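Novice: Next up is a structure, given as structure tokens.
The values are calculated or read from the model by the stated rules, or taken from the named source; none is laboratory data. Just so we're clear, the structure is a prediction, and the values are computed from it rather than from any experiment. Here the Cβ is made from the backbone with ideal geometry for all residues, glycine too, and neighbour counts use every protein chain on show. Please note that ligands, DNA and RNA were not included when accessible areas were found on the heavy atoms of the full protein model with its side chains. Shrake-Rupley method; radii C 1.70, N 1.55, O 1.52, S 1.80 Å.
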Amino acid sequence: MVVLAASIISKSGKPLVSRQFVDMSRIRIEGYLAAFPKLVGTGKQHTYVETENVRYVYQPIESLYLLLVTNKQSNILEDLDSLRLLSKLVPEYCYSLDEEGICKTAFELIFAFDEAISHGQKENVTVAQVKQYCEMESHEERLHKLVLQSKINETKDIMKRKASEIDKSKIEKNRGERGGFTPLQSMSSGRIDSGFGSDTSLPSTGGGYGGSSGFGMSTDVESFSTKSKGRPSASATAPPKGLGMQLGKTQKTNQFLESLKAEGEVIVEDVRPTVGQSKPAALPPTDPVTLNAEEKLNVTLKRDGGISNFGVLGTLSLQILNQDDALIQVQVETGRNPAIHFNTHPNINKELFNNENILGLKDSNRPFPAGQSGDGVSLLKWRMQSGDESLVPLSVNCWPSVSGNETYVNIEYEAFSLFDLQNVVISVPLPALREAPGVRQVDGDWRYDSRNSVLEWSIVLIDNSNRSGSMEFVVPPADPAVFFPISVRFTAASTFSDLKVSNILPLRGGPAPKFSQRTLLIADSYQVV
């Protein structure tokens, strides 16, 4: 007993505005509206028409029809009441009841229809209440406009800075093209070492020149007041002292780097930046045999609670320093976790591993490779998928709330008791800001990356003393969705598989070589969306 659609059509059946209140395809509603003019008879006093499937309840409005499409079980008295309410709303929003006037105010009419009819049922409202509801200020719309204006202002500031940098670069370029030399202030004599064993003296000038000519010649310039006539010439490769041209960063470059540091950027000089996140650098092996057990964690948590994805990918690799210790087998303990599925390398004896938990080559007379770089040779891989939220080592909750002209954001973490997490970094995206956010309280340290507009909350170690923690900060009004997705990075010395190397079995006899095991858990992709 519902209203399927409320529509305004022309006498010829052309739909001008149509609001569907149930799930209905466009072809279906267009078919209903196109069939209506053929069903309306002339000279009849009825205000409804029935077909096999639906009922049309209508009212003429000058050259148009206001039409309700309902199912046949609907109460026609309630439908007539809904029709009368809509017929009063249409003139309130349309000042000319023709096709042009209806089309100009189509969205206002749809909003009014939504206030009058909800899910096909008539709302107990009046015309004045509908107008009041439609004219109320939307808090979400105001937030959206504030965020949009903030982005526009930020873009204008960036544009001004770029224009200023372009102008400065043009001025620098014009200065450099005046013969390729840079004037110095206090130089009255100089010398050029051509690099072929002969010195060429330069005549004294008031301003003087210094710099490289671009053909392999170097210049050594000193002040006339500090150079005696009998002093031997200095080496051409010696760095200049005192006044003169300084090779390297200019003062403007240093000022630019200092400004970046003041904005919170980490500047690493003379080091090429690496792309992406890398795991901690592994120490070179010191024991004859080293086994590395590493697990990568891929987790996607929901912001309202629950888990979307939880996966663990693990690898056991072998490093052998000397070929004399390579003819061995590895005895392991797998932890007996039924959710973990192990896969051996194709060259490993799978039957031996399944029966005795021993990793050995299919050819027992063949040694393992020795002297491998990196993590060595992979022996075993495993994976685990689960939907159990209790297995998540670190849960993060974000609670943004708007109050007046500020947005208060509270973030809290809770860590799993079986893992001690190290180097934890929780990265929260922020809207475009002119200055750093106001951090009111934090358990740990924080850093604001102004270039990427990210607030990084770092905790060096999470153990039994700080299994939970929180941070609160304040930013200008912003949409709560701006603070997601939250990215998390950490490492741990424990793994889900709890795989352990129990022994090394030498195949040639004699004592077993000394071995060591390194275990590492890495948050490869850990997000709250």
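Novice: Pairs of lysine in region 1-160 with Cα under 20 Å and at least 8 positions apart or on different chains: total?
Specialist: 15
Novice: What is the spin-label model distance, in nm, from residue 84 to residue 124 if the labels are put 7 Å beyond Cα along the C-beta direction?
Specialist: 1.7
Novice: Follow-up question, since we're still on this one. Tell me, what is the percent relative contact order of region 352-415, built from C-alpha pairs under 8 Å that lie six or more residues apart? All intermediate terms of the calculation are to be shown ahead of the outcome.
Specialist: Numbers: 38 pairs, mean separation 12.3, N = 64.
Here the relative contact order equals 19 percent.
Novice: Could you sort 511-517, 522-528 so that the peptide with the highest average Cβ count within 10 Å comes first and the rest follow in order?
Specialist: Details: 511-517: 14.3, 522-528: 19.0.
The most tightly packed comes first, giving 522-528, 511-517.
Novice: Give the calculated FRET efficiency between residue 381 and residue 529 to the nearest 0.05, with a Förster radius of 25 Å applied to their Cβ-Cβ distance. Could the numbers behind the result be given before it?
Specialist: On the way: r = 28 Å, r/R0 = 1.10.
Calculated transfer efficiency: 0.35.
Novice: Going Cα to Cα from residue 173, which aspartates and glutamates come in below 14 Å? Please leave out same-chain ones fewer than 8 positions away.
Specialist: Once the sequence-local aspartates and glutamates are set aside, what remains near residue 173 is 165.
Novice: Once the Cβ-Cβ distance between residue 152 and residue 172 is put in as r, and R0 is 30 Å, what FRET efficiency do you end up with, to the nearest 0.05?
Specialist: Here the calculated transfer efficiency is 0.45.
Novice: If the only charges are +1 at each Lys and Arg Cβ and -1 at each Asp and Glu Cβ, what is the size of the charge dipole of region 369-500 around the Cα centre, to the nearest 20 debye?
Specialist: Numbers: 9 positive and 16 negative charges, 79 e Å.
The calculated dipole for region 369-500 is roughly 380 debye.
Novice: For a quick protection proxy, order the peptides 348-358, 474-484 by their average other-Cβ count within 10 Å, most packed first. Walk me through the numbers before you get to the answer.
Specialist: On the way: 348-358: 14.8, 474-484: 16.8.
Ranked by mean Cβ neighbours within 10 Å, highest first: 474-484, 348-358.
Novice: Please give the per residue accessible area of region 62-171, computed with a probe of 1.4 Å over protein heavy atoms only, in Å².
Specialist: Working: 7150 Å² over 110 residues.
Dividing the accessible area of region 62-171 by its residue count gives 65 Å².
Novice: Sort all Cα-Cα distances of region 65-158 into consecutive 5 angstrom bins from zero, then give the percent of pairs in each bin up to the one containing the longest distance.
Specialist: Over region 65-158, the share of Cα pairs per 5 Å bin runs 2, 11, 18, 17, 14, 11, 8, 6, 5, 3, 2, 1, 0 percent.
Novice: Can you tell me the length gained on complete extension of the stretch residue 362 to residue 408, counting 0.36 nm per residue apart and subtracting the Cα distance? Let's see the in-between values first.
Specialist: Details: separation 46, 0.36 × 46 = 16.56 nm, distance 6.17 nm.
Full extension of this stretch gives 10.4 nm more.
Novice: Mind ranking 19-31, 314-326 by how tightly packed they are, going by the mean number of other C-beta atoms within 10 angstrom, highest first? Let's see the in-between values first.
Specialist: Working: 19-31: 12.8, 314-326: 19.4.
Sorting 19-31, 314-326 by mean packing, highest first, produces 314-326, 19-31.
Novice: Relative contact order (percent) for region 396-470, with alpha-carbon contacts under 8 angstrom and 6 or more residues of separation? Display every interim value, and only then the final one.
Specialist: Details: 114 pairs, mean separation 27.1, N = 75.
36 percent.
Novice: Report the label-to-label distance for residue 467 and residue 48 in nanometres (one decimal), using points 7 Å from each Cα along the Cα→Cβ vector.
Specialist: Result: 6.5 nm between the two label points.
Novice: Report the label-to-label distance for residue 399 and residue 134 in nanometres (one decimal), using points 7 Å from each Cα along the Cα→Cβ vector.
Specialist: 3.9
Novice: Moving on. At a 1.4 Å probe, what is the % contribution of carbon and sulfur to the accessible area of region 383-529?
Specialist: Percent of accessible area from carbon and sulfur atoms in region 383-529: 46.
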